[in-house]
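Inspection log for the structure reproduced underneath, given as structure tokens.
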Amino acid sequence: MQDRFRTDVLKNYNNRTILDRWDDLALADGWLVAGCLFQTVWNLQTSRAPDAHIKDYDLFYFDGDDLSQDAEQKVQARVDEILADLGVSVEVSNQARVHTWYESYFGHPYPALRNTHDGIDRFLMPATCVGISPESVYAPNGFDMLYEGVLTANPLTPYSDLFETKAASYRSRWPWLRVAGQSV
């Protein structure tokens, strides 16, 4: 399944280009994550263009030495410059500092993380906990739920309000997805 996942996400030109420019991005413990990956898979499953309905492309990195917003903005500016010609929104997030703003933004506590994998592990739905780099694929919950379109709450982030909002957003774009325990 890992090879299938890599093949599928690379059908999205933007994902492929971001990974092609990886060395220039120079992100410590860097991963391309989240919607640009699993939504590409869902698009392919519904015979849509690989990049259809993808709002942004998320890059995670980990810099525990500088938790400032200014440092993260400098990394964002560098990434924006390197990827400007893609014409898509790319959001960069230092996973070492998420705990400093998450609760004020989302209304729920969030622990300090040890690495980028910890951030991927905490996506709201296990099916969406995926990341890719040029050398590796990270999917702590495997790929079955992703390819089957099953949305369940992540026990590491048990915030039902956030889960329900996110699930509704996904189902509005990919109606075949199903929330575990609910009929379609």
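Between Ala26 and Arg4, the contour length at 0.36 nm per residue exceeds the Cα-Cα span by 5.3 nm. Between the listed residues Thr116, Leu37, Ala167, the Cα displaced farthest toward the positive end of the dipole of segment 1-177, a dipole computed from Cβ unit charges relative to the Cα centre, is found at Ala167. Seen from Ala49, the other residues with C-beta closer than 15 Å to its C-beta sum to a net charge of +3, counting Lys and Arg as +1 and Asp and Glu as -1. Return, ordered by residue number, the residues of segment 117-149 whose backbone nitrogen is under 19 Å from a label point located 7 Å along Cα→Cβ of His53. Under 19 Å, as judged by backbone N against the label point of His53, lie 124-130, 145-149 of segment 117-149. Computed packing ranks the peptides 47-59, 112-124 as 112-124, 47-59, most packed first, by mean other Cβ atoms within 10 Å. The share of accessible area on the chain that comes from carbon and sulfur is 48 percent, using a 1.4 angstrom probe. If you take all other residues with their beta carbon under 12 Å from the beta carbon of Gln73, and give Lys and Arg +1 and Asp and Glu -1, the sum is -2. Cross-link reach is defined here as a Cα-Cα straight distance under 15 Å, omitting same-chain residues fewer than 8 places apart; for Lys166 the aspartates and glutamates meeting it are Asp56.
The residues neighbouring Leu151, those whose beta-carbon lies less than 12 Å from its own, together hold a net charge of +1 under the Lys/Arg +1, Asp/Glu -1 convention. Projecting the Cα positions of Leu27, Pro140, Pro50 onto the charge dipole of the chain (unit charges on Cβ atoms of Lys, Arg, Asp and Glu, taken about the Cα centre) puts Pro50 furthest along the positive direction.
Dipole size of segment 34-179 about its Cα centre, with +1 on Lys/Arg Cβ and -1 on Asp/Glu Cβ: approximately 580 debye, rounded to the nearest 20.
3J(HN,Hα) along segment 146-161, derived from phi through the Karplus expression 6.51 cos²θ - 1.76 cosθ + 1.60 where θ = phi - 60°, amounts to 4, 6, 8, x, 9, 9, 10, 6, 8, x, 6, 9, x, 9, 4, 5 Hz, with x in place of Gly and Pro.
At 222 nm, what value in deg cm²/dmol follows for the chain if DSSP H runs of at least 4 each add -39500 (n - 2.57) and the sum is divided by all its residues, to the nearest 500? Taken over the chain, the calculation gives -11500 deg cm²/dmol.
Accessible surface of Met145, taken over heavy atoms with a 1.4 Å probe and every protein chain present, rounds to 50 Å².
Heavy atoms of the protein chains alone define the surface here; on that basis segment 15-101 has 45 Å² accessible area per residue at 1.4 Å probe size.
The values are calculated or read from the model by the stated rules, or taken from the named source; none is laboratory data. Source: prediction; values computed, not measured. In this analysis, Cβ positions are derived from the backbone assuming ideal geometry, glycine residues included, and neighbour counts consider all displayed protein chains. Note: areas computed on protein heavy atoms with side chains; ligands, DNA, RNA excluded. Shrake-Rupley method; radii C 1.70, N 1.55, O 1.52, S 1.80 Å.
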